[in-house]
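Here's the structure, in structure tokens; my notes come after.
The values are calculated or read from the model by the stated rules, or taken from the named source; none is laboratory data. Since the model is a prediction, treat every value here as computed from it, not as a measurement. Ideal geometry is used to build each Cβ from the backbone, glycine not excepted, and the neighbour counts take in all protein chains shown. The area values use the complete protein model at the heavy-atom level, side chains included, leaving out ligands, DNA and RNA. Shrake-Rupley method; radii C 1.70, N 1.55, O 1.52, S 1.80 Å.
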Amino acid sequence: MPDLVETLWSSRFLGRSQLLEGASAEELQRIASVGQLKDYAANAVIFREGEKVPYVFLVTEGAVSLEMWLPGRLGWRRIQT
């Protein structure tokens, strides 16, 4: 089984990311060397509003939605998908 750096690098995912557009091959390899691949189940909560999260998330496949707590009777509302 390939290691994480090989997986990220060989898939060229990092090089296709708009966030990393313009990064050199060396910079992309460094980022790949500290990255982690994680799978999340459908409808899983990755983090909640107000939580301190020491990560940057790059979505490789699928989609995420952003939900926000709105006061009063409104409750949780999806504001971005």
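Scanning the range 65-77 turns up no residue that is out of contact with any strand residue (DSSP E or B) (no Cβ under 8 Å at 6 or more places or on another chain) and within 25 Å of residue 14 (Cβ to Cβ).
Out of 26, 67, 51, 61, which single residue is of a type in the set (Asp, Glu) and surrounded by 10 or more Cβ atoms within 10 Å (Cβ to Cβ)? So that I can check it myself, show each step before the final result.
Values: 26 fails: surrounded by 10 or more Cβ atoms within 10 Å (Cβ to Cβ); 51 fails: surrounded by 10 or more Cβ atoms within 10 Å (Cβ to Cβ); 61 fails: surrounded by 10 or more Cβ atoms within 10 Å (Cβ to Cβ).
So the residue among 26, 67, 51, 61 that is of a type in the set (Asp, Glu) and surrounded by 10 or more Cβ atoms within 10 Å (Cβ to Cβ) is 67.
Would you pick out the residues in the range 37-48 that are under 10 Å from the mean Cα position of the chain (by Cα) and either over 16 Å from residue 17 (Cα atoms) or open to solvent by 100 Å² or more (accessible area, probe 1.4 Å) (or both)?
Here is the first cut: in the range 37-48, the ones under 10 Å from the mean Cα position of the chain (by Cα) are 37-38, 46.
Within the range 37-48, 38, 46 meet the criteria.
Beta carbons closer than 7 Å, at least 6 apart along the sequence or on distinct chains, pair a first residue in the range 48-77 that is of a type in the set (S, T, N, Q) with a second that is open to solvent by 80 Å² or more (accessible area, probe 1.4 Å) for 65/78; 65/80; 65/81.
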